[in-house]
Amino acid sequence: MGSVYKRGPFWWVVFQVPGGKRAWRSTGIDSARPEIEAVRKLHEIEKTLANETRQAAHPELTMAEWALNWTASRKDAKQTNAAKDFARLELHVLPSLGGRRIGTVGPADVRKLVAALRAKELAPRTIINTYGLVRRLFADAVAEELIPSTPCVLKRRDLPKKTDKDPTWRAKAVFTREEAEQLLSSPLVPLDRRLTYALGLCAGMREGEIAALRWESLDEDMTPLPRLLISGSFTRANGQEKATKTGNPREVPVHPALQRLLRDWEATGFESQFGRAPKPTDLLVPNREGGYRTDNTFLVGLARDLEQLGLRKRRMHDTRRTFISLGRSDGANSAVLKTITHDQV
């Protein structure tokens, strides 16, 4: 830690430079000014020296090397999107910037990267999400004092508007009431998958929440409807359960159609599949091996069932969107729907 002192008409500072030697410098601040101004100047000088020392220790750190280190630290911190984010960097960013030292990448390089992504006619959301990822990558490099500032300072016009590549798909990404009834009642669809669809169509649950749901989460004594307590979510990226997306548990009423499927599954379905009655700590709807269902499990099963029923392709997440859409069209209060599907305060 350096110090400040008056010398002639100015405040001066003394500080330590790399190698352990001491240096003296005039701040240019009139000695009649408060001492705190000279102290602030000393802190600026020491911070600049620390940044230069840190950068000198990593003179050859490339974007690819920093991306690997950054991803590893995020995995250690149990950030579930770390692997997926690195894959996005490998696909869209590192081919052009991976060999560059992180301190040499400037705003013009980032602007050129975004322009190249736009030239590939990628979906606007893909471009915006990729830029957001690069911005976090550089922000953490600044926090680690590897670089003095971030090059991600693009103007709004440099980025596309947040729209879908196909503007019509979102309106089609729901099930009609008749299609929902088929998914829940058709004997062509196995009972366990009918139940997973009901948890989306009748309870608005996310895939990870369905995968982590256990029998003890079901309270059939609640009135006027039984209740599901949604408190966790399974993530395939690291094979672990975590909190829900909002971080808060929420209570979900059990729709009568969902209740009928739950009772059938408890009475005969679970035991016929696993050779025993379910226990409170068992997963409510495990995969065929008794483990967690993954996003791929949901995707493959739904694609098979839609083809079997002669229905067009949709995603599992669209069952949740259908719950909200049909609820609104039937006059449900949007605020009540939000407490079921999102956060409860």
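The values are calculated or read from the model by the stated rules, or taken from the named source; none is laboratory data. Everything quoted here is computed from the prediction, not taken from an experiment. Here Cβ is always computed from backbone atoms with ideal geometry, including for glycine, and neighbour counts include all displayed protein chains. Quick note on the areas: whole protein, heavy atoms, side chains included, nothing else; ligands and nucleic acids left out. Shrake-Rupley method; radii C 1.70, N 1.55, O 1.52, S 1.80 Å.
Looking only at segment 54-68, filter to residues that are at pLDDT below 85 and outside any helix (DSSP H, G or I); which one of those is surrounded by the most Cβ atoms within 10 Å (Cβ to Cβ)? If you could, list the steps in order and put the result at the bottom.
Within segment 54-68, the first condition is being at pLDDT below 85, and the residues that meet it are 54-60.
Then keep just the ones that are outside any helix (DSSP H, G or I); that gives 58-60.
Numbers: His58: 19, Pro59: 8, Glu60: 6.
If we take residues in segment 54-68 being at pLDDT below 85 and outside any helix (DSSP H, G or I), then His58 is surrounded by the most Cβ atoms within 10 Å (Cβ to Cβ).
Hey, can you tell me all the residues within segment 267-283 that are free of Cβ contacts under 8 Å to residues at least 24 places away in the same chain and open to solvent by 80 Å² or more (accessible area, probe 1.4 Å)? Please lay out each step first, then the result.
Here is the first cut: in segment 267-283, the ones free of Cβ contacts under 8 Å to residues at least 24 places away in the same chain are 267-268, 270-272, 274-277.
Hits for segment 267-283 are Thr268, Glu271, Ser272, Arg276.
Among the listed residues Gln259, Gln344, identify the single one that is open to solvent by 20 Å² or more (accessible area, probe 1.4 Å), under 19 Å from Met205 (Cβ atoms) and at pLDDT 95 or above.
Values: Gln344 fails: at pLDDT 95 or above.
None of the other options fit; the residue is Gln259.
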Qualifying residues in segment 312-326 (those that are hydrophobic (A, V, I, L, M, F, W, C) and more than 18 Å from Leu228 (Cα to Cα)) - the one surrounded by the fewest Cβ atoms within 10 Å (Cβ to Cβ):
Leu326
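Select, from Leu337, Leu302, the only residue that is in contact (Cβ under 8 Å) with a residue 12 or more places away in the chain and over 22 Å from Asp219 (Cα atoms). Reasoning before the result, please.
Working: Leu337 fails: over 22 Å from Asp219 (Cα atoms).
It is Leu302.
For (1) open to solvent by less than 80 Å² (accessible area, probe 1.4 Å); (2) touching a strand residue (DSSP E or B) at 6+ places or on another chain (Cβ under 6 Å); (3) among the aliphatic types (A, V, I, L, M); (4) closer than 24 Å to Ser186 by Cβ, each residue gets a yes or a no:
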| position | (1), (2), (3), (4) |
| --- | --- |
| Leu225 | yes, yes, yes, no |
| Asn238 | yes, no, no, no |
| Trp265 | yes, no, no, yes |
| Val285 | yes, no, yes, yes |
Identify all residues within segment 84-100 that are closer than 22 Å to Ile128 by Cβ and in contact with a helix residue (DSSP H, G or I) (Cβ under 7 Å, 6 or more places away or on another chain); write none if there are none.
Asp85, Phe86, Arg88, Leu89, His92, Val93, Leu94, Ser96, Leu97, Gly98
Which residue pairs have Cβ atoms closer than 9 Å, lie 6 or more positions apart in sequence or on different chains, and pair a first residue in segment 118-132 that is at negative phi and of a type in the set (Phe, Trp, Tyr) with a second residue that is open to solvent by 20 Å² or more (accessible area, probe 1.4 Å) and outside any helix (DSSP H, G or I)?
Tyr131/Leu154; Tyr131/Leu159
Residue hits (segment 212-235; part of a loop (DSSP other than H, G, I, E, B) and either among the hydroxyl-bearing types (Ser, Thr, Tyr) or under 22 Å from the mean Cα position of the chain (by Cα) (or both)) are Leu213, Thr223, Ser231, Gly232
For residues that are among the basic types (Lys, Arg) and under 27 Å from the mean Cα position of the chain (by Cα), scanning just segment 280-327, find the one that is farthest from Trp169 (Cα to Cα).
Arg293
Unmet requirement for Glu216, which otherwise passes all of (1) touching a residue at least 60 places away in the same chain (Cβ under 8 Å); (2) surrounded by 15 or more Cβ atoms within 10 Å (Cβ to Cβ):
(2)
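Scan Arg170, Arg227, Arg214 and give me the residue that is under 30 Å from Ile128 (Cα atoms) and basic (Lys, Arg).
Only one candidate qualifies: Arg170.
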Can you tell me which residue among Leu302, Leu337, Leu309 is of a type in the set (A, V, I, L, M), at pLDDT 95 or above and open to solvent by less than 20 Å² (accessible area, probe 1.4 Å)?
Leu302
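Looking at segment 8-39 only, could you name the residues that are of a type in the set (S, T, N, Q) and assigned to a loop (DSSP other than H, G, I, E, B)? Walk me through it before giving the result.
Our first condition is that a residue be of a type in the set (S, T, N, Q); within segment 8-39, this holds for 16, 26-27, 31.
Hit for segment 8-39 is Ser31, nothing else.
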